[in-house]
Structures are given as C-alpha cells and as structure tokens.
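Structure first, commentary second.
The values are calculated or read from the model by the stated rules, or taken from the named source; none is laboratory data. If you're wondering where the values come from, they're calculated on a predicted model, not measured in any experiment. All Cβ positions, glycine included, derive from the backbone under ideal geometry; neighbour counts span all protein chains shown.
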Amino acid sequence: MGDCSPPTPLIAAFDLPVGLLPWYQGIMKKQTVVPRKKRGPPATGKGEPVVVRMHPPMLTGLDGWIAKQKQPFPSRPEAVRRLVEIGLKAKAK
C-alpha cells in the first residue's frame, strides 16, 4: 500500500551538506520579526471620537465664528469643541 522506505534524514530534506546544517540553524534562530509602523499621525489624546455631518449653512456659520477668533485660528474640530463647551457653560448658569 504505502512506501515502506525509511524516513529521509533532516539533512537530506534540505539538501544541505553536513557541515552547513549548524550554520543554517544558527542563522534561522537569529531572525526576528520587525513590527510594522503605524500609519497616520500619533494619537493626540484620549476620548471618544464623535462624527458630525453639517449642512453648508451651518458650516458657513462655523467658519464665520472661526474667522472672528484670535490667531492662530482654531480648526473646525477645535471650534466645535469650544462652542460645545461654551454652550454647556451657558446652560449650567
């Protein structure tokens, strides 16, 4: 049924001369896996991201508020954070 020949030695399986087997095993042990670099900018802080869609009239108002601020002008996400903070403070009074 099956082939009853003795198993081939490890050296014959790799077709390496007897003197190269220890060298080959030494090289294989020294290899390390280099982790892949993360893409994108580093995380700026902790918090939960909130995605908001805004219609053009609301964006125009947001951009107008940004233009009235002192330089350096805040980005749109920073402007939204500041406006939410202002709104929450006004509601608490």
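So the check is Cβ under 6 Å with 6+ separation or different chains; which pairs have a first residue in region 81-92 that's over 21 Å from Asp63 (Cα atoms) and a second one that's of a type in the set (Val, Ile, Thr)?
Nothing qualifies.
Is there a residue in region 4-20 that is loosely packed, with under 10 Cβ neighbours inside 10 Å, at positive phi and modelled with pLDDT of 80 or more?
no
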